[in-house]
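Reading through the structure tokens given below for one structure.
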Amino acid sequence: MDTEQNNNINPKFLNPYNPQSTEDNIYKLWEDSGFFNPDVCIEKGVTDENAKPFSMVLPPPNVTGTLHVGHAAMLTIEDIMVRFARMQGKRTLWLPGTDHAAIATQSKVEKILEKEGIKKNDLGREEFLNRVNIFAQDSHDTIVSQMKKIGASVDWSREAFTLDGKRNLAVRTAFKKMYEDGLIYRGHRIVNWDPKGQTVISDDEVIHEERKAKMYTFKYSKDFPISIATTRPETKVGDTAVAVNPTDDRYKDFIGKTYTIEDFCGVKLNIKIIADESIDKDFGTGALGVTPAHSQIDAEMAGRHNLPTIQVINEYAKMIVGDERILNKKTTEARNVVVEWLRTEGLLEKEEDITQNISIAERTGGIVEPLPKLQWFINVNKPIKDRNNKTLKELMLDAVRSGGINIIPDRFEKVYYNWIENLRDWCISRQIWYGHRIPVWYKKTITNEELGINNENTKEIYCGINPPEDIENWDQDPDTLDTWFSSGLWTFSTLGWPDLNALDFKTYHPTNMLETGSDIIFFWVARMILMSTYLLGEVPFKNVYFHGLVRDAQGKKMSKSLGNAIDPLVVSEKYGADAVRMSLIIGTGPGNDSRMSEDKIRAYKNYANKLWNITRFVLSSTSNIKYDADFSEYTDIDKVLINERDEFLKETTKEMEEYKFYIVGEKIYQYTWTRFADVIIEESKNILLESDDKSKISRAQFLLDTLIKILKVLHPFMPFVTEEIWGMMPIDEKKLLIVEKWPI
RNA sequence: GCGCGAUUAGCUCAGUUGGUAGAGCAACUCAUUUACACUGAGAAGGUCGGGGGUUCAAGUCCCUCAUCGCGCACCA
């Protein structure tokens, strides 16, 4: 190449590609262009006003800290979908936001305050919430800057927060409607109480962990005819029955009788022998001590047999009955006391080591204590008039069964159905301060105050979008809502609902795609389907794409405590966000866990540089011609190459539409490197030097045209380097690559 | 207990409706200043977890077993 030609090349190409000095500028270029916002795209004429919409909400990250590499993977997959849709000319909206994540955020802030020696009750509700808000804002700002670093092309002008004013209106509106339809009710039931977090949690927030435990077999007293087995002897002071199977000959004669035990470790018991089909004759002694206040199953049995419920454990997991031996003791201490008592009384028959699953609160790690409490629930089994008398359960099932929602990969449909079949009423009230306050007020009356807390139910209730007018006569329910209640509304609360005429709502709902982690299929995906099918009579999204977990190179879960977590910002800084994105996409099918290693990231950094050098060669060796997009004088040899390339582009487009990004990324990589660079460019060196003019021009046009097309299909995957190179391509009437047309 | 997934080259994974086993990374041999060393060329590497079946033909379909991972339920 002579010097004159090299003079036409941007001096940037004299050095290797430098993501550090490029990426932030490119992101700013996009932001300034306004093209993340579909309205601007229409205004500036890059998108047709009548174009088909493509809409997606960002699964809002929790404002509990910073983004991890799993978020980076999520953002990359979604950004690929969005950039592809935008380049296809669709009216493309990717709506960002963050999640207040009630319990998670509150307990995080509590922990931080604890280190300073401050308890939340010392601060009071208002001041504590101030502290949480400051923390949340800080978190939010970090998250936003991280998202920009990764290259997420979200429409910042529409950013939402699950706990802001607009979302609060949506929550109140939804609550009131459900309350009026009788779907939300207040009930006194056995709930999952988290003694550590001092709040009720839903069934889905309980995780099970295998632990070693002891199972004790004993009798309540010497004269009691039946032995029972338990792992929790301390709860037995709350027993009101012993249940046996009706067909069990051993116990037949006792059914229906009631025994009084005057002294069971200091507590008087009345035990009725009942027959219940649910009892397994072969398990333990074939007889179950029924503790209605502290077991879900027992409570149901108590309901069937009209048994009294005696609460013996309080919210601090301490005993509230008995004498000084157990009263006010922690359940675990009381257990030892009761076991010792049984032993000395000669009532303990057997003591065996077993492994059992214990219930743990997901967020706090507290051991869940089933307690009877007055809480708010969503009834999933009540027929709904406006919805053909279908229940919420049925609405949720129908949405997927009918094909209205397509789940990728489809094996998650079975998981979803399985969950719904076992679904019980959803407990939505939480005894925490951070969150949407329940829009219910109770009338103040002297009598009710005298009646005390157990008669809360008798108070006059007002439920409304706004507080009652004579507010001084009312107390608002102190509880807040499960964070997933507001998340369930996310696809439409972000688009202007409850204003049904909001333009965004009419244009973009139902959304086209929900991309999220398979671990929140129940928490979030199912709840969005519930809310949308009930409130709007339509699905929240037409497609769901699940991604798996990002693990380390050895396949271990990444965690801060293991020290194997890769910080997406650190590696992006080191290798460039494009390289990180590629490494997170390739080799990762939907729903499958993937592995992340620095080796892999490094390989794609090299690829970015390869593309850089390819461009340098193509530009410097074609600078004597003018690129013509409609060039038609190709040689036969080049026509063959064009066919091959277009075949590749066609396949790629098809696979993009099938969401097979893990394949497309790899194919582009391969075509660019092993085909275009290693073979076609190598051959071109001779052609461009030695052939006739027709061949030279044909090849030069082909090289430019192909590079342009590579940049386009690669853009969703590696947006920064492609946009940077695009800016230096000798093309007339060039737009930003982000809004260029997909090449096929 | 019920269900789901995985098992293919040293590692990570592809493999469409059955039709001669594929890629990246790593390792190996060679080239040595090239658009690019963040490089190029080449070669090597596999009884597709085991067993059985259907078929002209099975990595792919059916049955079964094993190992690993996960979900749900139970958890007296």
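The values are calculated or read from the model by the stated rules, or taken from the named source; none is laboratory data. As the structure is a prediction and not an experimental result, all values here were calculated from the model. Cβ coordinates were reconstructed from backbone atoms using ideal geometry, including for glycine residues, and neighbour counts include every protein chain displayed. Keep in mind that these areas ignore ligands, DNA and RNA; they rest on the heavy atoms of the full protein, side chains included. Shrake-Rupley method; radii C 1.70, N 1.55, O 1.52, S 1.80 Å.
So, A:Tyr216, is that one within 11 Å of RNA strand B (Cβ to nearest atom), under 13 Å from A:Leu288 (Cα atoms) and open to solvent by less than 50 Å² (accessible area, probe 1.4 Å) or not?
Numbers: within 11 Å of RNA strand B (Cβ to nearest atom): yes; under 13 Å from A:Leu288 (Cα atoms): yes; open to solvent by less than 50 Å² (accessible area, probe 1.4 Å): yes.
So A:Tyr216 passes the test.
Checking A:Asp282 against (1) within 12 Å of RNA strand B (Cβ to nearest atom); (2) open to solvent by less than 20 Å² (accessible area, probe 1.4 Å): exactly one of these is not met. Which one?
Against the list (1) within 12 Å of RNA strand B (Cβ to nearest atom); (2) open to solvent by less than 20 Å² (accessible area, probe 1.4 Å), A:Asp282 comes up short only on (2).
Within the stretch A:501-511, is even one residue buried (at least 19 other Cβ atoms within 10 Å of the Cβ), touching a Phe, Trp or Tyr at 6+ places or on another chain (Cβ under 6 Å) and touching a residue at least 60 places away in the same chain (Cβ under 8 Å)? Steps first, answer last, please.
Residues of the stretch A:501-511 buried (at least 19 other Cβ atoms within 10 Å of the Cβ): A:504-505, A:508-509, A:511.
Those still in the list that are touching a Phe, Trp or Tyr at 6+ places or on another chain (Cβ under 6 Å) too: A:505, A:509, A:511.
Within this subset, residues satisfying the condition of being touching a residue at least 60 places away in the same chain (Cβ under 8 Å) are A:509, A:511.
Yes, some residue in the stretch A:501-511 is buried (at least 19 other Cβ atoms within 10 Å of the Cβ), touching a Phe, Trp or Tyr at 6+ places or on another chain (Cβ under 6 Å) and touching a residue at least 60 places away in the same chain (Cβ under 8 Å).
Give the number of residues within the stretch A:288-302 that are over 18 Å from A:Phe264 (Cα atoms) and either surrounded by fewer than 19 Cβ atoms within 10 Å (Cβ to Cβ) or within 6 Å of RNA strand B (Cβ to nearest atom) (or both).
The qualifying residues number 3.
How many of the residues making up the stretch A:303-329 are buried (at least 20 other Cβ atoms within 10 Å of the Cβ), over 41 Å from the mean Cα position of the chain (by Cα) and on the phi < 0 side of the Ramachandran plot?
Residues that pass the stated criteria total 1.
If the requirement is being in contact (Cβ under 8 Å) with a residue 12 or more places away in the chain, part of a helix (DSSP H, G or I) and over 41 Å from the mean Cα position of the chain (by Cα), which of these qualifies: A:Phe617, A:Phe631, A:Phe648?
Details: A:Phe631 fails: part of a helix (DSSP H, G or I); A:Phe648 fails: over 41 Å from the mean Cα position of the chain (by Cα).
Exactly one residue qualifies, and that residue is A:Phe617.
What do you reckon, is A:Met56 open to solvent by less than 10 Å² (accessible area, probe 1.4 Å), modelled with pLDDT of 95 or more and over 15 Å from the mean Cα position of the chain (by Cα)?
Details: open to solvent by less than 10 Å² (accessible area, probe 1.4 Å): yes; modelled with pLDDT of 95 or more: yes; over 15 Å from the mean Cα position of the chain (by Cα): no.
Against the criterion (open to solvent by less than 10 Å² (accessible area, probe 1.4 Å), modelled with pLDDT of 95 or more and over 15 Å from the mean Cα position of the chain (by Cα)), A:Met56 does not qualify.
Residues that are basic (Lys, Arg) and without any contact (Cβ under 8 Å) to a residue 24 or more places away in the chain: find the strands (runs of 3 or more DSSP E) completely inside the stretch A:357-450 holding 1 or more of those.
Working: elements: A:369-378, A:406-408, A:440-443.
Because the criterion is at least 1 residues that are basic (Lys, Arg) and without any contact (Cβ under 8 Å) to a residue 24 or more places away in the chain, no strands (runs of 3 or more DSSP E) in the stretch A:357-450 meet it.
Restricting attention to the stretch A:375-421, and to residues there that are hydroxyl-bearing (Ser, Thr, Tyr) and within 20 Å of the chain's Cα centre (by Cα), which single residue is most open to solvent (accessible area, probe 1.4 Å)? Explain how you work it out, then say what you get.
So in the stretch A:375-421, the residues hydroxyl-bearing (Ser, Thr, Tyr) come out as A:391, A:402, A:416-417.
Retained after the next criterion (residues that are within 20 Å of the chain's Cα centre (by Cα)): A:416-417.
Working: A:Tyr416: 1, A:Tyr417: 38 Å².
Of everything passing the filter in the stretch A:375-421, A:Tyr417 is most open to solvent (accessible area, probe 1.4 Å).
Quick check on this structure: which one of A:Ser559, A:Ser583, A:Ser572 is without any contact (Cβ under 8 Å) to a residue 60 or more places away in the chain, open to solvent by less than 10 Å² (accessible area, probe 1.4 Å) and within 16 Å of RNA strand B (Cβ to nearest atom)? Reasoning before the result, please.
Values: A:Ser559 fails: open to solvent by less than 10 Å² (accessible area, probe 1.4 Å); A:Ser572 fails: without any contact (Cβ under 8 Å) to a residue 60 or more places away in the chain.
Among A:Ser559, A:Ser583, A:Ser572, only A:Ser583 is without any contact (Cβ under 8 Å) to a residue 60 or more places away in the chain, open to solvent by less than 10 Å² (accessible area, probe 1.4 Å) and within 16 Å of RNA strand B (Cβ to nearest atom).
Go through the stretch A:378-414 and count every residue that is within 15 Å of RNA strand B (Cβ to nearest atom) and of a type outside the set (A, V, I, L, M, F, W, C).
6
Which one of the conditions (1) under 27 Å from A:Cys427 (Cα atoms); (2) assigned to a loop (DSSP other than H, G, I, E, B) does A:Leu327 fail to meet, given that it meets all the rest?
Against the list (1) under 27 Å from A:Cys427 (Cα atoms); (2) assigned to a loop (DSSP other than H, G, I, E, B), A:Leu327 comes up short only on (1).
Inside the stretch A:488-531, can you point out the residues that are polar (S, T, N, Q), within 16 Å of RNA strand B (Cβ to nearest atom) and either under 13 Å from A:Arg167 (Cβ atoms) or not in a strand (DSSP E or B) (or both)?
Step one: list which residues in the stretch A:488-531 are polar (S, T, N, Q), which gives A:491, A:493-494, A:501, A:507, A:511-512, A:516, A:518.
Checking which are within 16 Å of RNA strand B (Cβ to nearest atom) leaves us with A:516, A:518.
Correct list: A:Ser518 only.
Answer with yes or no whether A:Pro730 is open to solvent by less than 30 Å² (accessible area, probe 1.4 Å), more than 16 Å from RNA strand B (Cβ to nearest atom) and either in contact with a Gly (Cβ under 7 Å, 6 or more places away or on another chain) or not in a helix (DSSP H, G or I) (or both). Before you say what the answer is, go through the steps one by one.
Working: open to solvent by less than 30 Å² (accessible area, probe 1.4 Å): no; more than 16 Å from RNA strand B (Cβ to nearest atom): yes; either in contact with a Gly (Cβ under 7 Å, 6 or more places away or on another chain) or not in a helix (DSSP H, G or I) (or both): yes.
No; evaluated as a whole, the condition is false for this residue.
Yes or no: A:Val713 among the β-branched types (Val, Ile, Thr), exposed (fewer than 15 other Cβ atoms within 10 Å of the Cβ) and in a helix (DSSP H, G or I)?
Working: among the β-branched types (Val, Ile, Thr): yes; exposed (fewer than 15 other Cβ atoms within 10 Å of the Cβ): no; in a helix (DSSP H, G or I): yes.
When the stated conditions are applied, A:Val713 does not pass them.
Considering each of A:Asp181, A:Asp203 in turn, give the residue that is open to solvent by 50 Å² or more (accessible area, probe 1.4 Å) and farther than 30 Å from A:Val368 by Cα.
Working: A:Asp203 fails: farther than 30 Å from A:Val368 by Cα.
The match here is A:Asp181.
Quick one: would you say A:Phe254 is in contact with a Pro (Cβ under 6 Å, 6 or more places away or on another chain) and farther than 30 Å from A:Ala361 by Cβ?
In short, yes.
Pick from A:Asp567, A:Asp593: which is free of Cβ contacts under 8 Å to residues at least 60 places away in the same chain and either out of contact with any Ser or Thr (no Cβ under 9 Å at 6 or more places or on another chain) or open to solvent by 60 Å² or more (accessible area, probe 1.4 Å) (or both)? If you could, list the steps in order and put the result at the bottom.
Values: A:Asp567 fails: free of Cβ contacts under 8 Å to residues at least 60 places away in the same chain.
Answer to the check: A:Asp593.
Looking at the stretch A:431-464 only, could you name the residues that are modelled with pLDDT of 90 or more and either touching a Leu at 6+ places or on another chain (Cβ under 7 Å) or of a type in the set (Val, Ile, Thr) (or both)?
A:Ile432, A:Trp433, A:Tyr434, A:Gly435, A:His436, A:Ile438, A:Val440, A:Ile461
As an exercise: evaluate A:Phe676 against (1) surrounded by 21 or more Cβ atoms within 10 Å (Cβ to Cβ); (2) at pLDDT 95 or above; (3) farther than 26 Å from A:Asn592 by Cβ and give the number of the one condition it does not meet.
Here A:Phe676 clears every test but (2).
Give the residue, chosen from A:Ile637, A:Ile687, A:Ile663, that is within 7 Å of RNA strand B (Cβ to nearest atom), open to solvent by 10 Å² or more (accessible area, probe 1.4 Å) and of a type in the set (A, V, I, L, M).
Working: A:Ile637 fails: within 7 Å of RNA strand B (Cβ to nearest atom); A:Ile687 fails: within 7 Å of RNA strand B (Cβ to nearest atom).
Only one candidate passes the filter, namely A:Ile663.
Does A:Gly346 satisfy the condition of being surrounded by 13 or more Cβ atoms within 10 Å (Cβ to Cβ) and at positive phi? If you could, list the steps in order and put the result at the bottom.
Numbers: surrounded by 13 or more Cβ atoms within 10 Å (Cβ to Cβ): no; at positive phi: yes.
For A:Gly346, the condition - surrounded by 13 or more Cβ atoms within 10 Å (Cβ to Cβ) and at positive phi - is not met.
Kindly evaluate A:Lys600 against the criterion of being more than 9 Å from RNA strand B (Cβ to nearest atom) and either more than 22 Å from A:Met656 (Cα to Cα) or assigned to a loop (DSSP other than H, G, I, E, B) (or both). Reasoning before the result, please.
Details: more than 9 Å from RNA strand B (Cβ to nearest atom): no; either more than 22 Å from A:Met656 (Cα to Cα) or assigned to a loop (DSSP other than H, G, I, E, B) (or both): yes.
Spelling it out, it is not the case that A:Lys600 is more than 9 Å from RNA strand B (Cβ to nearest atom) and either more than 22 Å from A:Met656 (Cα to Cα) or assigned to a loop (DSSP other than H, G, I, E, B) (or both).
What about A:Ile42, is it open to solvent by 10 Å² or more (accessible area, probe 1.4 Å), among the hydrophobic types (A, V, I, L, M, F, W, C) and within 16 Å of RNA strand B (Cβ to nearest atom)? Please lay out each step first, then the result.
Numbers: open to solvent by 10 Å² or more (accessible area, probe 1.4 Å): yes; among the hydrophobic types (A, V, I, L, M, F, W, C): yes; within 16 Å of RNA strand B (Cβ to nearest atom): no.
No.
Considering only residues that are more than 10 Å from A:Pro16 (Cα to Cα) and buried (at least 17 other Cβ atoms within 10 Å of the Cβ), which ones fall in the stretch A:599-615?
A:Lys600, A:Ile601, A:Tyr604, A:Lys605, A:Tyr607, A:Leu611, A:Ile614, A:Thr615
Here are some residues: A:Ile367, A:Ile358. Which one is within 16 Å of RNA strand B (Cβ to nearest atom) and surrounded by fewer than 17 Cβ atoms within 10 Å (Cβ to Cβ)?
Values: A:Ile367 fails: surrounded by fewer than 17 Cβ atoms within 10 Å (Cβ to Cβ).
The conditions single out A:Ile358.
Take the residues in the stretch A:532-556 that are open to solvent by 30 Å² or more (accessible area, probe 1.4 Å) and within 16 Å of RNA strand B (Cβ to nearest atom), then tell me which one is nearest to A:Thr173 (Cα to Cα).
That would be A:Leu549.
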